[in-house]
Amino acid sequence: MFGRRVLLPAGPAALARAAEVPLVPTFVFRLGRRHYRVVARSPLMVARTGDRAADLQAAVDHLAREFEWAVRQTPYQWKRWEPVWHEE
């Protein structure tokens, strides 16, 4: 995200791949007191090739781009309580 490596869980992508269902990145933006905007982005089907690791990595990379999009919409609403950036 934002040109840096991040640690994201592969679990949602692995579950979607196993169940053969799409992941739908969904975000809730606060507009004001008791007013929100819910945005569902385009569904993502996780590939099922012979390379499970590559399939999951591609899906997680796609989700990272979706998270980046959401943070760019309202950066002041984003908070994560654990380290995000992966230091090599």
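The values are calculated or read from the model by the stated rules, or taken from the named source; none is laboratory data. Bear in mind that the values here come from a model prediction, so they are computed numbers and not experimental data. As a convention, Cβ positions derive from the backbone with ideal geometry for all residues, glycine included, and neighbour counts pool all protein chains shown. Ligands, DNA and RNA are stripped out before the accessible areas are found, and what is left, the full protein with its side chains, is counted by its heavy atoms. Shrake-Rupley method; radii C 1.70, N 1.55, O 1.52, S 1.80 Å.
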Checklist entry - When the helices in the chain are scored as -39500 (n - 2.57) per DSSP H run of 4 or longer and the sum is shared across all residues, what 222 nm value do you end up with, to the nearest 500 deg cm²/dmol? => result -11500 deg cm²/dmol
Checklist entry - Roughly how many percent of the accessible protein surface of the chain is carbon and sulfur, given a 1.4 Å probe and a whole-percent answer? => result 55
Checklist entry - Using the Cα atoms of the chain to build a convex hull, what is its mean projected area in square nanometres? => result 6.9
Item to check | Rounded to 10°, Cα long-axis angle of helix 52-73 versus longest principal axis of the chain | outcome: 10
Checklist entry - Counting only residues 5 or more places away or on other chains, whose amide H sits under 5 Å from the amide H of V6 once H atoms are built in the peptide plane? => result H86
Checklist outcome for this item: Out of Y36, A54, L23 - ranked by how far each Cα lies towards the positive end of the dipole of the stretch 1-82, with unit charges on the beta-carbon of charged residues - the top one is Y36
